[in-house]
Amino acid sequence: METTIKVRTAYDLPPPSFDPNLVSVARGTPGGELLRRYWQPVALATEVGDLPLQIRALGEDLILFRTPSGRFGLMHPRCAHRGTTLLYGKVEERGIRCCYHGWLFDTDGRCLGQPCEPKGGLNRDHVRQPSYPVEERYGLVFAYMGPLDRKPALPRYDVLEDLGETHKIVTDGSSIGSGGPERMPCNWFQTHENVMDPLHVFVLHSTFSTQQFNDMMAVPPEISFDLTPYGMYSVQLRTFADGSRLRRLTELVMPNIRIVADPFLRTFTKSNNVAWTLPIDDTNTRIFTVFAFPKNEPVPRFNRNPMYGGKTWFELDAEGHQRFPGDYEAQVGQGAVTWHSEEHLASSDRGVAMFRRLYREAVQAVTDGHDPVGASAGENMLVQVRAGNYLIPMASAASD
């Protein structure tokens, strides 16, 4: 029987909508409560100087500072005394001092002094400046913004540990992807689920306008997906004319960590980087990437590669962005928050659908009062990275 498809115009479109469980990041929302059960990077350590730094993370405006001895503090911006911002405070060895009346708070928010009060404040012990726990690792400042009684330990990643004398940690504000800026004016989820969409590499980055990575990536891959104890990964198997194969793995660690092997295929080994997709708020995102690089090699800036007709992303004019679109154009082009009601997912989107299902399950677990995967109170976690590029020679490929 022939199926008749009703002809519709844009006028007939129903009001669009999105899934709030996927895109919400504010405190009290389902997604926001899930994200707050994990440590989140909020700044590069090098961004924090001798002055307080204003930041925004998970929809909250906060003040980050570092004492001369290197201790970090992350505070609610309004001083607990009369509400002026601590952005204009003075950072001292014991903490941060408000500019208005000099109240001093340590990095945990305890009030240490009230100079305008008798004897420095007889009741100062009863005042607490709202704050969040912070830790520095891998050149990033991490914050835990969830309930204290459910705080897990800050996880570690095997590819960033025990580097010995040959490698060093390099922390970058750029993504290892298609060379755009690390800040994007759109919801974090539509940028993050892209990692479980390996066919976009074949189209967007390889065959649509120009080869942005490596000619080997222009070969259509066979794709499979599987779960890990902390998330999921995809396997992309490309077979070449000489019988050799490229086995490429990309990985997601719940909820917002992505591990992507070098798409330029300069090495065929385990991935050397871990990246966090920070939701600044519902409509702004920042990527933090940490690399392990050989000490004797120059560190490449991935967002400065001439990938677009010999130009970097930042050198393109408006016409150039139309002719050579990359991740930024495709993801920001979905809108500030994409409309899920207008999607038509297909079989090639099974990785995206699988990740959304994992994320919704984690949201529901937190809503039901349980711990999400990898975020049990006090849990110490060392993630064994699977992601990487692995070249299988012709003889080995033939024996598979």
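The values are calculated or read from the model by the stated rules, or taken from the named source; none is laboratory data. Quick caveat: nothing in here was measured; it's all calculated off a predicted structure. Reconstructed Cβ throughout: ideal geometry from the backbone, glycine too, with neighbour counts over all protein chains shown.
Just a few scattered comments:
To keep it simple, each residue is scored yes or no on (1) at pLDDT 95 or above; (2) of a type in the set (D, E, K, R); (3) surrounded by 15 or more Cβ atoms within 10 Å (Cβ to Cβ).
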| site | (1), (2), (3) |
| --- | --- |
| P185 | yes, no, no |
| H192 | yes, no, yes |
| P198 | no, no, yes |
| Q212 | no, no, yes |
| D215 | no, yes, no |
| P220 | no, no, no |
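- When Y233 is tested against the conditions (1) within 20 Å of D327 (Cβ to Cβ); (2) out of contact with any Lys or Arg (no Cβ under 9 Å at 6 or more places or on another chain); (3) assigned to a strand (DSSP E or B); (4) hydroxyl-bearing (S, T, Y), the lone failure is (2).
- Selected residue (only one of L112, L122 is part of a loop (DSSP other than H, G, I, E, B), more than 32 Å from the chain's Cα centre (by Cα) and hydrophobic (A, V, I, L, M, F, W, C)): L122
- Given (1) out of contact with any Phe, Trp or Tyr (no Cβ under 8 Å at 6 or more places or on another chain); (2) in contact (Cβ under 8 Å) with a residue 24 or more places away in the chain; (3) closer than 30 Å to P14 by Cα, number of the condition Q322 does not satisfy: (2)
- Residue match in the range 191-207 (condition: among the small types (G, A, S) and touching a residue at least 40 places away in the same chain (Cβ under 8 Å)): no
Every residue, every condition in (1) of a type in the set (D, E); (2) touching a Pro at 6+ places or on another chain (Cβ under 6 Å); (3) more than 24 Å from G28 (Cα to Cα), yes or no:
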| site | (1), (2), (3) |
| --- | --- |
| L74 | no, no, no |
| C79 | no, no, no |
| L87 | no, yes, yes |
| E93 | yes, yes, yes |
| G102 | no, yes, yes |
| R124 | no, no, yes |
| E136 | yes, no, yes |
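- Check on L44, buried (at least 22 other Cβ atoms within 10 Å of the Cβ), of a type in the set (A, V, I, L, M) and under 22 Å from E135 (Cα atoms): no
- Any hit, the range 308-325, residues being acidic (D, E) and part of a helix (DSSP H, G or I): yes
- Test: G333 is touching a helix residue (DSSP H, G or I) at 6+ places or on another chain (Cβ under 6 Å), in the same structural domain as F291 (by TED's automatic domain parsing) and of a type in the set (G, A, S): no
- If the condition is being surrounded by fewer than 17 Cβ atoms within 10 Å (Cβ to Cβ) and small (G, A, S), then the range 114-138 contributes only G120.
- Residue in the range 187-196 that is within 16 Å of the chain's Cα centre (by Cα), assigned to a helix (DSSP H, G or I), under 30 Å from K311 (Cβ atoms) and among the aliphatic types (A, V, I, L, M) present: yes
- In the range 33-52, the condition of being in a strand (DSSP E or B), within 20 Å of the chain's Cα centre (by Cα), touching a residue at least 12 places away in the same chain (Cβ under 8 Å) and farther than 17 Å from Y144 by Cβ is met by at least one residue.
- Subset of the range 341-395 that is β-branched (V, I, T) and assigned to a loop (DSSP other than H, G, I, E, B) - its residue that is surrounded by the fewest Cβ atoms within 10 Å (Cβ to Cβ): V373
- Some residue of the range 171-182 being in the same structural domain as R110 (by TED's automatic domain parsing), in a strand (DSSP E or B) and among the polar types (S, T, N, Q): no
- P255 vs. criteria assigned to a loop (DSSP other than H, G, I, E, B) and under 27 Å from Y359 (Cα atoms): yes
- F142 being assigned by TED's automatic domain parsing to the domain that holds L345, within 28 Å of V366 (Cβ to Cβ) and surrounded by 20 or more Cβ atoms within 10 Å (Cβ to Cβ): no
- Here Y138 fulfils each of the conditions (1) touching a helix residue (DSSP H, G or I) at 6+ places or on another chain (Cβ under 6 Å); (2) touching a residue at least 40 places away in the same chain (Cβ under 8 Å); (3) over 19 Å from Y38 (Cα atoms) apart from (3).
- Filtering the range 47-59 to residues that are surrounded by fewer than 21 Cβ atoms within 10 Å (Cβ to Cβ) and either of a type in the set (S, T, N, Q) or within 24 Å of V23 (Cβ to Cβ) (or both) leaves Q54, R56, G59.
- Of the numbered criteria (1) modelled with pLDDT under 95; (2) assigned to a helix (DSSP H, G or I); (3) within 24 Å of the chain's Cα centre (by Cα), the one L265 fails is (2).
- Looking at L227, L252, L246, just one residue is under 13 Å from G351 (Cα atoms), surrounded by 17 or more Cβ atoms within 10 Å (Cβ to Cβ) and at pLDDT 90 or above, and that residue is L252.
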